[in-house]
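Asker: One structure is given below, represented as structure tokens, and several questions about it will come after.
Throughout, read-outs are computed from the coordinates displayed, never taken from laboratory work. Just so we're clear, the structure is a prediction, and the values are computed from it rather than from any experiment. Heads up, the Cβs are rebuilt from the backbone with ideal geometry, glycines too, and the neighbour counts pull from every protein chain shown.
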């Protein structure tokens, strides 16, 4: 079921809405799409943070990262 809401947009939000509407979306479609995309990005950031935490907790993976970093440093041209 759709629910109507009311918001006050600042100049930055109005410019962004105008850009989205310029693609052919209606105002409602643009706002719905922006909300869904923002929530998706938030979820993606949380998933990425969890993956990073898991990798940092993996001693074998950390050792391999250090070995790769040392190899890259040894291949670096003298400064």
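Asker: Among (i) 161; (ii) 212; (iii) 90, only one was calculated for this model; which label is it, if the read-out is volume of the Cα convex hull per residue in Å³?
Answerer: (ii)
Asker: Say R0 is 25 Å: what FRET efficiency, to the nearest 0.05, do residue 2 and residue 46 get from their beta-carbon distance?
Answerer: Computed FRET efficiency for residue 2 and residue 46: 0.35.
Asker: Next question. State whether region 37-79 is rounded, prolate or oblate according to the following rule on the C-alpha gyration tensor (a ≥ b ≥ c being the square roots of its eigenvalues): a/c under 1.5 gives rounded; otherwise a/b larger than b/c gives prolate, and the remaining case gives oblate.
Answerer: Oblate, because a/c is 1.5 or more while a/b does not exceed b/c.
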